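Trainee: Have a look at the structure that comes next, please.
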Amino acid sequence: MELLHSLSLGFSVALEPMNLFYCFIGVLFGTLVGVLPGLGSAGAIALLLPVTYSLSPTSAIIMLAGIWYGSMYGGSTTSILLRIPGEPASVMTCVDGFEMARKGRAGAALGIAAFGSFIAGLLGLVGLILLARPLATFALDFGPPEYFALTLLGLTLVSYLGSDTSIAKALIMAALGLLLGTIGLDPVQSAERFTFGVLSLQSGIDLVPMVMGLFGISQLLQLVCGDEAPPEGLEAPKGLRALLPNREEWRASAGAIARGSFLGFIVGLLPGAGGTISSFTAYAVEKRISKHPEQFGKGAIEGVASPESANNAATASGFIPLLTMGLPANAVMALMLGAFMLHGITPGPTLLTQKPDMFWGLIVSMFVGNIMLIILNVPLIGLFAKVARIKSIYLVPLIAVACLIGAYGVNNNPTDILVMLGFGVFGFYAERHGFSLAPMTLAFVLGPLMELSLRQSLILSDGEFMVFLDRPIAATLLGGTVVMALVPILRFVGKKRELRGMRTVMRSESGPSA
Amino acid sequence: MLQEESSLQEEPSGVIDRGAIEHWRRRLPDLIVIAFGLVALFFASRLPFGSVSQPDSGFFPILICTLIVVFGCVSLATSRSTPAAEPDAAEAAPVEGAGGQLHVWSTVAAIAVYTLALNAVGFVICTAVLVVFLLRVIGRVSWKVSLVSGVVGAALSFEVFTLLGLPLPVGLLHF
Amino acid sequence: MKKIPSRAVGEAVDRGRRRALALASGVALLAPMASAWAAFPEKPINLIVPFPPGGRTDLVARVVAHFLQLELNQPVVVINKPGAGGVLGAKEVARADPDGYTVGFFSTGFLTTQYTVPTPTSLAEYELVSLINYDPAAISVSSERGWNTIADVVAAGRAKPMSLRVGINPGSSAHIFAAAFMTEAGIQATYVPFRGGSERAAAIGGGHIDVDFDIVAAMKPMQDSGKIKILGIAADQRDPLYPELPTMKEGGVNLTISSWHGLFVPKGASPAIRDALDQAVAKLSAKPEFLEQMKSQSLGVKYLNQKDFKEFMASQDEQFKSTIDRLGLNKVAKSQ
């Protein structure tokens, strides 16, 4: 009853014409920011923050939140069409999304990304409404040992992604990613590491030029190299209905969307983890439990559905630590915190009692915003799907220009383009030799958190590694890591034994003639 | 390591056959990784390690560099059996198209030149030239189509992104 | 009109922001007022905060920026440049053009990192504009420990050396506060490094560390949720903003130390520019709306003009340097 009352209060606030208007502006801007490379949601929010001074606090927060979850919708578009991650959280969407587009199912990929995001967004909001209070302190249960165990589990899961070719190679890429993450000033002692006296390296390597190079530029080089046969001779699907995911694709994605939403919701609760990590882990889990893991990376629709659902569910749950404890879960949430403060409101346990109209208005506005987004996005699918149908050679300049603007836009600095180019060349050759790029990207994102939490844990425990096993959450996560690590190794050993057997047979068969 | 030795013994001495080249070609990436790991380890080891109870700034990098070397060795040792077995192993270099490496490196060079010229020449001209290059030289598209796409595309993206608040360099010619 | 400034600060988003702001300011922000300094500012000003958004410096900076742009008739854009205890952002200000359009919003950590990090800043690279905020350091403890007074903490810490786990941002003011308290109280503690105040707040809220030092404003949400207790402030007398909090002296630890925030411009900025900024800060610091907003967030207002700020900084510099030397945290001296 109390909940119904709260919701009706929320609706009365969210449906005020002004709030509806700003919600729409927010999601529209968010979609744009997500679709266009070089404009990030954090940048967009920072850009509009001062503009909100003149608005009522509720309208301001509703609009800024709209940009945030709107960008998560839009981020998948360039990933699917051009293999350029519009947002770091849609790196995993590149992998299968682009393959689907090459096979003529761009519409289905875009569609499942939009509907998956929509469903996950709604599920996340339901979770937010029902669980905000019980889960308020969940993030606080995670201390340094828990964070270390979590990052280890995440990396192990994602390293399995590369196990089609070689687990060792996936692990190499993960380790390289961790090493790249240490470039710059040490987070604890502020000592310079691997900067070789270069001033711009002090702040470390930027994620955006890195992923654009690894995925976008390397794809471009593959195209000019002529590695891939262009997707010609594909029948153009007639009408929007034929473009969208078909019954079979829906059936394949339903589970992935549900699991992605759940995982995204949980991971999104943790400050410092957020959308990027949730989308990686959701993808890895989906591949792990799939009946046909070999399809992943070659255009499996689950590979688009799960990360896209995860990052949208994480968007919703990321509000819980902010609204209930005043803890920002990531840079965007920190800006939101700034927005609250500017309007004289301190998010925290008192927000719900002191400003219920704002709290519930914001949550209901996210429902409304999600509906606006799906209405906004579905017609765009038809338009975007046409991009996927152009010949490879026209795709080349498109990818080039998008990447160039994207990398340049980070700091207005041409040096970032060179960084991107370097990663592009690296990514191109690495992929050809069976090194997958996803573990490297995640490791780069997780590295600083992993190092800091490891060092904090060891300081806290005075060098005792038992600190990771004494605590229930950390121990559970580590247990999961061990299981995840062992299964592929066992499978690999088994396969090897099988192969050896096969080879002996082959040798004995072909031996005399050779 | 044992595998290494045995494979070396298999090769007839003095004769470098296709198999040996292929053998080393496939191992080259792993060897590069190991070499890289060792170099990085050298630089990492110059950072203070601290102790296990008070880890310093070198602690994590040293750990990671060691892992890179270890994983590189594991990959080297196990790579032998994998490629033939996996039906679609990416180890076997994909068939290259007409352009191949020449196209790859000329594209890389073009983007590098683009970057260096960007601030002086400006976004529109640089981008138009790059697009024409990619379409005409790499893609063998007709001059007409290349030129039109280059100029229209560059001008359009300049307008759209500047409008959205991303200031692209205008160069000395002011556009 | 080549519009690419060579300044390191000219970030894309920033300029985008400026552009959007220029539009926005025309509509919403312009309060018509005659300005005595017609030449400056004629375009948006970047206010560099060398810490991540959401922290205490960011918090104060955003409030100040909001009121400052009303005074200056130009947008004031807060830009977060976190890293290395504030050194990265501070260095960026030092490298910027001294044209007044890049202003640093620095905290006490700006002084301490002169001595506590291997790649330090130097006060000599800046011109001082004005001081705007001043808060005493406060101590908070995890509610799980059951400590209710400063004396409880001291007793627990003395009873078992290294058992108190204290959150710090290495080299920054929180580190100095913590080390100064522990030294004064005769406690050997374990210092756990974090990257920022909000990370420390989460850690103490979850009971992963026992003690934390910050300003009261930054501790409030966690105290409201019952996860932590604020035990006292490091001031000579109780503060009218939160009269219920005892001073550390009352708790038996003789420590007076505080956190402040002020505005800085790169060395070489002309007196006219400095005056223009200083006068704007002086005006806003007297505005009732500003005072009200600062008070509502438990933030203290203290305005010092250029000259007084300089004297204040000199004495603070001396105080912190001697504290840092006494605590054995001076890395710069060691490495030289």
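What follows draws every value from the coordinates through simple rules; no lab data is involved. This is a predicted model, so every value here is computed, not measured. Because the Cβ atoms are built from the backbone with ideal geometry, glycine has one as well, and the counts that use them run over all protein chains shown.
Trainee: Could you state, as a whole-number percent, how many of the C-alpha pairs of the stretch C:235-324 are farther apart than 19 Å?
Mentor: So the pairs more than 19 Å apart make up 56 percent of the total in the stretch C:235-324.
Trainee: Let me ask something additional. For A:343, A:292, what's the fewest-to-most ordering of other Cβ within 10 Å of each Cβ?
Mentor: Ascending number of Cβ neighbours within 10 Å: A:292, A:343.
Trainee: With the dipole of chain A worked out from charges on the C-beta (+1 for Lys and Arg, -1 for Asp and Glu) around the Cα centre, which of A:268, A:392, A:138 lies farthest toward the positive end?
Mentor: Farthest along the dipole direction, towards plus: A:392.
Trainee: In addition: For the stretch C:270-285 and the stretch A:411-482, what is the separation of their C-alpha centers, rounded to whole Å?
Mentor: Cα centroid to Cα centroid, the span is 46 Å.
Trainee: Something else about it: Taking each residue of A:65-75 in turn, how many C-beta atoms of other protein chains fall within 10 Å of its C-beta, and what is the average?
Mentor: Mean shielding count: 0.
Trainee: How large is the dipole of the protein assembly as shown about the Cα centre if only Lys and Arg carry +1 and Asp and Glu carry -1, each at its Cβ, rounded to the nearest 20 debye?
Mentor: I would put it at about 1280 debye.
Trainee: On the principal axes of its Cα set, how long, how wide and how thick is the stretch A:26-67? Give whole Å, largest value first.
Mentor: 30, 16, 11
Trainee: Okay, next question. May I ask for the distance between the Cα centers of the stretch B:141-160 and the stretch A:63-134, given as a whole number of Å?
Mentor: The two parts, judged by their Cα centres, are 30 Å apart.
Trainee: Let me confirm one metric for peptide C:210-219, namely the mean number of other chain beta-carbon atoms within 10 Å of its residues' beta-carbons.
Mentor: Taking all residues of C:210-219 together, the mean is 0.
Trainee: May I ask you to list the GluC sites (Glu not before Pro) in the stretch C:119-165 that are in a DSSP loop and have at most 11 other Cβ atoms within 10 Å of their Cβ?
Mentor: none
Trainee: By its C-alpha gyration tensor, with a ≥ b ≥ c as the square roots of the eigenvalues, how is the stretch C:59-105 shaped: rounded for a/c under 1.5, else prolate for a/b larger than b/c, else oblate?
Mentor: It is oblate, given that a/c is not under 1.5 and a/b is not larger than b/c.
Trainee: Let me ask something else about it. Check each of the trypsin sites (Lys or Arg not before Pro) in the stretch A:272-332 and keep only those in coil by DSSP with at most 14 other C-beta atoms within 10 angstrom; list them in order.
Mentor: Qualifying residues, ordered by number: A:291.
Trainee: Describe numerically, in nm with one decimal, the distance between label points set 7 Å from Cα along Cα→Cβ at residue A:2 and at residue C:123.
Mentor: Between residue A:2 and residue C:123, the simple spin-label model gives 5.4 nm.
Trainee: Next up: Sum -39500 (n - 2.57) across every DSSP H segment of at least 4 residues in chain A, then divide by the residue count to get the 222 nm mean residue ellipticity, nearest 500.
Mentor: Roughly -24000 deg cm²/dmol at 222 nm, from the helical runs in chain A.
Trainee: Partner chain Cβ atoms within 10 Å, averaged over the residues of A:201-212 - can you pull that number for me?
Mentor: 1
Trainee: Here's another thing I want to ask about it. Given Cα pairs under 8 Å that are at least 6 residues apart, what percent is the relative contact order of chain C?
Mentor: Here the relative contact order equals 24 percent.
Trainee: Rounded to the nearest 5, what % of DSSP beta bridges with both residues in chain C are antiparallel?
Mentor: Rounded to the nearest five, the antiparallel share is 60 percent.
Trainee: What's the center-to-center distance, using Cα atoms, between the stretch A:194-228 and the stretch A:364-389 in Å?
Mentor: 30
Trainee: Could you estimate the translational diffusion coefficient of the protein assembly as shown from the Stokes-Einstein equation, with Rh from the Kirkwood formula over C-alpha pairs, at 25 °C and 0.890 mPa s, in whole µm²/s?
Mentor: 82
Trainee: Could you put B:24, A:360, A:250 in order, starting from the residue whose Cβ has the fewest other Cβ atoms within 10 Å?
Mentor: Ranking B:24, A:360, A:250 by Cβ neighbours within 10 Å, fewest first, gives B:24, A:250, A:360.
Trainee: Scattering from the C-alpha atoms of chain A alone, worked out with Debye: what is log10 I(q)/I(0) at q = 0.11 1/Å?
Mentor: -0.94
Trainee: Do any trypsin sites (Lys or Arg not before Pro) in the stretch A:343-448 lie in a loop, going by DSSP, with at most 13 other beta-carbon atoms within 10 Å of their beta carbon, and if so which?
Mentor: Loop-located and lightly packed - A:391.
Trainee: I've got another one for you. If the limit is 26 Å between Cα atoms, which of A:169/A:291; A:391/B:144; A:103/A:291; C:91/C:227 go over it?
Mentor: Correct reply: C:91/C:227.
Trainee: Another one. Taking the Cβ of each residue in A:206, C:214 as the centre, tally the other Cβ atoms inside 10 Å and list the residues starting with the fewest.
Mentor: Ranked by crowding around the Cβ, least crowded first: A:206, C:214.
Trainee: Shape call for the stretch A:16-152 from the C-alpha gyration tensor, a ≥ b ≥ c root eigenvalues: rounded (a/c under 1.5), prolate (a/b greater than b/c) or oblate?
Mentor: Oblate, since a/c reaches 1.5 and b/c is not below a/b.
Trainee: Can you return the lysines within cross-link range of residue C:43? Criterion is Cα-Cα under 18 Å, with same-chain partners fewer than 8 residues away left out.
Mentor: Those lysines meeting the cut-off are C:2, C:3.
Trainee: To check my understanding: the extent here is largest minus smallest coordinate of the Cα atoms along each principal axis. What are those three numbers for the stretch C:125-171, in Å, largest first?
Mentor: Computed over the Cα atoms, the extents are 47, 21, 17 Å.
Trainee: Would you mind working out the magnitude of the charge dipole of the stretch C:49-185 relative to its Cα centre, with +1 at each Lys and Arg C-beta and -1 at each Asp and Glu C-beta, to the nearest 20 Debye?
Mentor: Charge dipole of the stretch C:49-185: 560 debye, to the nearest 20.
Trainee: Nearest 5 is fine: what % of DSSP beta bridges in the stretch C:70-217 come out antiparallel, could you say?
Mentor: 40
Trainee: Turning to a different aspect of this structure: Please say if chain C is rounded, prolate or oblate, where rounded means a/c under 1.5 for a ≥ b ≥ c the square roots of the C-alpha gyration tensor eigenvalues, and otherwise the choice is prolate for a/b larger than b/c and oblate otherwise?
Mentor: Prolate, because a/c is 1.5 or more and a/b exceeds b/c.
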